[in-house]
1. Enumerate the pairs (first residue in region 184-199 and at positive phi; second residue anywhere and modelled with pLDDT under 80 and assigned to a loop (DSSP other than H, G, I, E, B)) with beta-carbon separation below 9 Å, excluding pairs fewer than 6 apart on the same chain, so at least 6 apart or on different chains.
2. For the list (1) within 23 Å of T60 (Cα to Cα); (2) free of Cβ contacts under 8 Å to residues at least 60 places away in the same chain; (3) surrounded by 20 or more Cβ atoms within 10 Å (Cβ to Cβ); (4) of a type outside the set (K, R), I need the number of the one condition that I130 fails.
3. Quick one: is E121 in contact (Cβ under 8 Å) with a residue 40 or more places away in the chain and surrounded by fewer than 16 Cβ atoms within 10 Å (Cβ to Cβ)?
4. Please specify each residue of region 81-93 satisfying the condition of being touching a strand residue (DSSP E or B) at 6+ places or on another chain (Cβ under 9 Å) and not in a strand (DSSP E or B).
Amino acid sequence: MNENDSLIARVGKIFAGVYYRPQSKENGWIANGVSIHTPNKQTQGSIKYDWSAVKPNSVTEWYHSHPGGGPIPSFADLEMLALKYNQGYIDIDNFTYGIISDFGCTSLVIVSEEAFQSFVERLQNDKEAIMGNFNDLVDAGTPGGVEEKISNYIKFLQQSVSGLQLIFNKYSEITQKWEGWKARTVDSGGQLENLDCNK
């Protein structure tokens, strides 16, 4: 990802439109390796695409912004990801899903399709239980900064056996530079640490 110049450029462009602009509309794109699909409807809190123009099994990138919001995918984002996976739009081997916020860009990759498929089925069949776990760990988790939010999100992904790995590209307000995508995990003490990742 850190060597994907086109992805870096797309993230930078969306970031420039959202950085400390909480009243801006959500923005983003869907890419399939050949075409870039832009939204056909945008509001401050939602974004929509014409999915009829997207080919099955082709989506390699799916990113959108959270103006003034958190750096992590919401529960509604996970539900939409699960829906489009079930509908056969995702190119599993090449896919990243991302959120762009004031803090940088958080990406999810599917590291185990078997685990992710099971997670998607549980989202459909036991939504209340998974949403309760999400609310307890993520929404009502220990208050704090971006590191704590990401740490709690990773805990949710791990406890849910989601098959998803979180990769974070932090934007430093001090240096005004991107730090690069790094796979993150949580150590036994609940602190974030980097994973060695060649993505």
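The values are calculated or read from the model by the stated rules, or taken from the named source; none is laboratory data. Just so it is clear, the structure is predicted and the values come from calculations on it, not from any experiment. Virtual Cβ from ideal backbone geometry, glycine too; neighbours counted across all protein chains shown.
1. Partner pairs satisfying both residue conditions: G190/T142.
2. Of the numbered conditions (1) within 23 Å of T60 (Cα to Cα); (2) free of Cβ contacts under 8 Å to residues at least 60 places away in the same chain; (3) surrounded by 20 or more Cβ atoms within 10 Å (Cβ to Cβ); (4) of a type outside the set (K, R), the odd one out for I130 is (1).
3. no
4. The answer is L81, K84, Y85, Y89, D91, I92, D93.
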